[in-house]
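Derivation of every value follows stated rules applied to the coordinates shown; laboratory data play no part. Predicted model only: the values in this text are computed from it and were never measured. In this analysis, Cβ positions are derived from the backbone assuming ideal geometry, glycine residues included, and neighbour counts consider all displayed protein chains.
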Amino acid sequence: MKIISQKQIRELNISPAQCVEWVKESFSLKETAQLPAKISLHPQGNDFFNTMPCLLPAPYNYFGVKEVHRIKGATPALGSDLLLYNSLNGELLAMLDADWITTMRTGAVATLAIQTFRSTKTTTYGFLGLGNTGRATMLCLLDSEPEVMHHVILLRYKDQAELFIERFKEYDNVTFTICDDSKELVAQSDVIVSCITEAQGLLCDEDNLYREGCLVVPVHTRGFQNCDLFFDKVYADDTAHVCGFKYFNQFKKFAEIQDVISGKAKGRESDAERILSYNIGLGLHDVVYASKIYETLKDDSNDIKLIRETEKFWI
């Protein structure tokens, strides 16, 4: 069994644009992969352990299961690990640190949603929540469409907006402004990307502030429940992730993003439609990423020999 660290993964210098391509590839496998809904357990408060299994179809022949957790007070608060198996013989191939995988595939999925559902008139992007997930989304967006100029409005929080701007100072296809109010950000944005993990109530309770033709991508789902009721269309990465939402049965139109990508469902049909895209996160993306990384690093990674019984044993 190989042990693959985050340091090894980061040293591969996988481009954000490549991350978007891997997400597209993984969505194309959704109908043939075995992908049960993730299991979420809560030890205390808002802490959680999520278990996310996925069996990739032939010719991939990988099974993987990711465990991701958030524990208040831990450093870092969010962590994840992934076990990767050969699905043909059951061999445990690798244990990977999945923190980079989780962050970058989340940003790549958000980017794909933006590119799939934004209106043709989009010029302005509003970002709420400027941690690693927000940075990953920005990286994927800028790197995968270098010819597009993006004007980005950042919601101020402590010194994160200034640090965010500093992080992207070398990109020539983005400009930034900072605002202090989420309602102001909503009113000025064609695409609204929220990467905040905690929201007390609605982030903008004035429905009229959402521009005609706007797209909302709530990466962590919180703060936009009012949009469920009046937006023209709602999409998700998986129906099981949203069917328990309070207003699911009141969505005007709903489909999965993969059905839009494959042409089975309609996406945006006019620049006037307001669209909401919920992308909760699929083990499918994690396992595809892990398989690509394993294939690259398997000959250069530390190995732990597991002593297995080769004959049936009796207790």
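Counting only alpha carbon atoms, the long axis of helix 99-117 and the longest principal axis of the chain meet at about 40°.
Scanning residues 5 or more positions from ILE192 or on other chains, those with amide H under 5 Å from its amide H are GLY126, LEU215, VAL216, VAL217, with H placed 1.01 Å from N in the peptide plane. Residues considered: THR51, THR120, THR106. Largest GNM mean-square fluctuation over the chain, using C-alpha springs under 10 Å, is found at THR120. One compactness figure for the chain is 1.03, namely its Cα radius of gyration divided by 2.2 N^0.38 Å. Each residue in TRP22, TRP314 was given a count of other beta-carbon atoms within 10 angstrom of its own, and listing them fewest first yields TRP314, TRP22.
Averaging 1/r over each pair of different alpha-carbon atoms in segment 161-200 and inverting the result gives 12.0 Å, the Kirkwood hydrodynamic radius.
By the count of other C-beta atoms within 10 Å, a proxy for reagent exposure, HIS151, HIS42, HIS285 are ordered fewest to most as HIS42, HIS151, HIS285.
Each of LYS253, LYS72 was scored by other Cβ atoms within 10 Å of its Cβ. Listed from fewest to most, they are LYS72, LYS253.
Taking the longest Cα principal axis of the chain as reference, the axis of helix 283-297 is set at about 60 degrees. Counted over the chain, the DSSP beta bridges are approximately 50% antiparallel. Principal-axis analysis of the Cα atoms of the chain puts helix 132-144 at an angle of about 80° to the longest axis.
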